[in-house]
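The values are calculated or read from the model by the stated rules, or taken from the named source; none is laboratory data. Because the structure is predicted, anything quoted here is derived from the model rather than measured. No Cβ is skipped: glycine too gets one built from the backbone with ideal geometry, and neighbour counts run over all protein chains shown. The protein model used for the area step is the full one, side chains on, heavy atoms only, and it has no ligands, DNA or RNA in it. Shrake-Rupley method; radii C 1.70, N 1.55, O 1.52, S 1.80 Å.
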Amino acid sequence: MATVDTTVQPSPSGAAAAFAAKHAAPHPLKLYGGWFCPFVQRVWIVLAEKKIPHQYVEINPYHKAADFLRLNPRGLVPTLAIHPSPDSDSEEVRVLYESAVVVEYLDEAFCDQSLYGRDLLPRDKGSEYERARCRLWMDFVSSRVVPGFYRFIQHSEESGESLEEVREKFLDGLRSFVEEMRPAEEGPWFLGGRFSLVDVMLAPWAMRLFLLDWYKKPGGLGIREARERGGEEEKKIWERWDVWFDAVTNRQSVRDTWSDEEDYVKAYRRYAENTTQSEVAKATRAGRSLP
Ligand SMILES: N[C@@H](CCC(=O)N[C@@H](CS)C(=O)NCC(=O)O)C(=O)O
């Protein structure tokens with residue numbers, strides 16, 4: 001078997017290093033994560049957003065230690081372990097994984113608004129439709145936008161599609177997402193005035209879009225060109241996108257869970273050269289849905 005490079009810088013840097021250090025002490029709620037992982041960042045953002053007490057445990061998910069596989073047989077981060085509190089009779093450690101599941105769990109489990117602030121999904125009586133619509137667009141991010149990001153960044157000569165094609169499909173996903181946002185007059189977020197899990201789901205990839213400009217030349221991400229080429233409708237879409245993008249990439253919880261930019265450049269080189277053997281990358285290469 002070819003030797004696979006699974007090394008990653010062992011710990012976060014910048015603001016994320018400070019955030020991790022603040023949450024290094026043992027705590028019954030443990031997030032196993034990797035600083036570079038956008039799925040982990042979703043969970044990290046919710047912990048930061050709601051100021052949920054926890055312990056952050058940095059691991060390299062590509063080196064699957066037996067103890068970690070016992071917690072999560074899929075061997076993926078984020079993995080959340082909920083240890084019994086000292087005053088409970090139970091010995092049992094409860095485990096959750098899958099970022100989309102974990103963010104909803106945390107939002108529901110830590111719902112005392114006097115301690116944790118506003119819910120990240122609308123939960124008041126009568127908000128069933130709005131909550132379901134949030135889930136629809138959270139799912140859209142995971143099932144359309146995120147796979148499109150990996151097809152784009154891993155694009156190579158062998159992809160069977162041109163760089164222009166993968167770029168256009170990716171931008172189409174963003175356009176559909178933007179068309180569902182409340183008008184900017186109501187506020188910058190997907191729901192207008194209210195930051196929600198829909199924003200959380202895409203925020204880590206919004207932060208990583210600069211990598212497409214960095215690695216996918218010529219043309220890079222291509223929003224500027226699409227806007228210049230397009231008509232009025234296209235301009236309006238990207239104006240709304242800019243408002244959302246600026247707000248989300250400056251949100252405190254997003255900044256607090258972000259390492260130094262150059263570390264992402266290094267970590268994503270293997271994706272950009274399409275040589276990484278991560279489960280996400282292998283699925284992308286094989287045209288399968290993501291793990
Ligand atoms: N669907 C999972 C995806 C998680 C995932 O792919 N995590 C990557 C790191 S970004 C991982 O643990 N990779 C280990 C591997 O590929 O072996 C989620 O949403 O949590």
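Amide H contacts of Leu29: Gln55, His83, each under 5 Å away and 5 or more positions distant or on a separate chain (H built 1.01 Å from N in the peptide plane; Pro and chain starts excluded).
On full extension, the segment bounded by Lys169 and Glu130 gains 11.3 nm, given 0.36 nm per residue less the C-alpha separation. The alpha-carbon of Lys266 sits under 23 angstrom from the alpha-carbons of these lysines, leaving out residues fewer than 8 places away in its chain: Lys64, Lys216, Lys217, Lys282. Residues of the stretch 164-191 falling in the label zone of Ser143, defined by backbone nitrogen less than 19 Å from a point 7 Å along Cα to beta-carbon, are 169-181. In this view, the solvent-accessible surface of Lys64, computed with a 1.4 Å probe and all protein chains in place, comes to about 80 Å². Per-residue SASA remark: Glu164, around 110 Å² accessible (1.4 Å probe; ligands, DNA and RNA not included). Based on the alpha-carbon gyration tensor of the chain and its eigenvalue square roots a ≥ b ≥ c, which shape applies: rounded if a/c is under 1.5, prolate if not and a/b is larger than b/c, or oblate? Judged from the Cα gyration tensor, the chain comes out oblate (a/c at least 1.5, b/c at or above a/b).
Relative to the globular-protein estimate of 2.2 N^0.38 Å, the Cα radius of gyration of the stretch 33-105 stands at 1.11. Of the residues Glu92, Glu108, Glu273, the one that moves most in a GNM of the chain with alpha-carbon contacts below 10 Å is Glu92. The stretch between Glu232 and Ala17 holds 73.1 nm of extra length on full extension. This uses 0.36 nm per residue minus the Cα-Cα distance. Of Arg133, Arg94, Arg229, the residue with the largest accessible area leads and the full order is Arg229, Arg94, Arg133 (1.4 Å probe). Annotation: Ser156 carries an accessible surface of approximately 20 Å², with a 1.4 Å probe and no ligand, DNA or RNA atoms counted. For the chain, a Gaussian network of Cα nodes joined below 10 Å ranks Arg151, Arg269, Arg123 by mean-square fluctuation, and the top entry is Arg123.
Restricting to bridges with both residues inside the stretch 14-116, how much of the DSSP beta-bridge set is antiparallel, in percent to the nearest 5? So the antiparallel bridges amount to about 65 percent of the total.
For the pair Asp260 and Lys64, the difference between a 0.36 nm per residue extended length and the Cα-Cα distance amounts to 68.0 nm.
Per-residue packing, averaged as other Cβ atoms within 10 Å, sorts the ranges 44-51, 84-91, 218-225 into the order 44-51, 218-225, 84-91, beginning with the highest. Where both bridge residues fall in the chain, DSSP classifies roughly 70% of the beta bridges as antiparallel. Ordered from highest to lowest accessible area with the whole protein assembly present and a 1.4 Å probe, Lys125, Lys236 read as Lys125, Lys236.
A 1.4 Å probe over all protein chains sorts His155, His54 by accessible area into His155, His54, starting with the largest. Excluding same-chain residues fewer than 8 positions from Lys50, which lysines have a Cα within less than 18 Å of its Cα? The qualifying lysines are Lys22, Lys30.
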